[in-house]
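The values are calculated or read from the model by the stated rules, or taken from the named source; none is laboratory data. Since we're looking at a predicted model, the values are computed, not measured. A quick note on method: Cβ atoms are made from the backbone with ideal geometry, for glycine too, and the neighbour counts reach across all protein chains shown.
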Amino acid sequence: MAKTPPSLAKDQTGHRIQALRPLSTQKASFTGTSAAITSAVDGVVMITATTDCHVRFGETPTAVATDAYIVADTPYYFRIQDEKIAAIRDTADGDLWVTLMD
């Protein structure tokens, strides 16, 4: 039997809004050298960084300056499958926060 998807919350005008809750968070402190979270995650993740950086996904990722660009203090959502995330600074050292969402 197929599982029924959960109902989405609605805003004041009746339009559906996406609603996810945070489950667990990992932090990786990056510099001019790539740094990755310690545990692989599976699902929707929210990524934020304290400074502009570049990120890479994978089993054992090493981020480089040509990877996907992440703007500081901006949440990004990705669906990943049993992967880690690594970051490297754009111009300044910082922290990458990876939160598994449900």
(request) Just need a number here: residues in region 8-62 that are closer than 17 Å to ARG79 by Cβ, assigned to a strand (DSSP E or B) and among the hydrophobic types (A, V, I, L, M, F, W, C). (result) 8
(message) Go through region 12-67 and report how many residues are at pLDDT 95 or above, among the basic types (Lys, Arg) and surrounded by fewer than 16 Cβ atoms within 10 Å (Cβ to Cβ).
(response) 1
(request) Please enumerate the residues belonging to region 54-82 that are among the polar types (S, T, N, Q) and within 17 Å of ASP42 (Cβ to Cβ). (result) THR60, GLN81
(request) Could you list, in sequence order, all residues of region 68-101 that are among the basic types (Lys, Arg) and at pLDDT 95 or above? (result) LYS84, ARG89
(request) Please work out if PRO75 is under 17 Å from ASP102 (Cβ atoms), without any contact (Cβ under 8 Å) to a residue 40 or more places away in the chain and either touching a Phe, Trp or Tyr at 6+ places or on another chain (Cβ under 6 Å) or not basic (Lys, Arg) (or both). (result) yes
(request) Kindly list the number of the only condition in (1) farther than 25 Å from ALA9 by Cα; (2) without any contact (Cβ under 8 Å) to a residue 60 or more places away in the chain; (3) surrounded by fewer than 20 Cβ atoms within 10 Å (Cβ to Cβ) that fails for TRP97. (result) (2)
(request) Please enumerate the residues belonging to region 83-93 that are more than 15 Å from MET46 (Cα to Cα) and surrounded by fewer than 20 Cβ atoms within 10 Å (Cβ to Cβ). (result) ASP90, THR91, ALA92, ASP93
(message) All but one of (1) outside any loop (DSSP other than H, G, I, E, B); (2) under 12 Å from the mean Cα position of the chain (by Cα) hold for THR74; state the number of the condition that does not hold.
(response) (1)
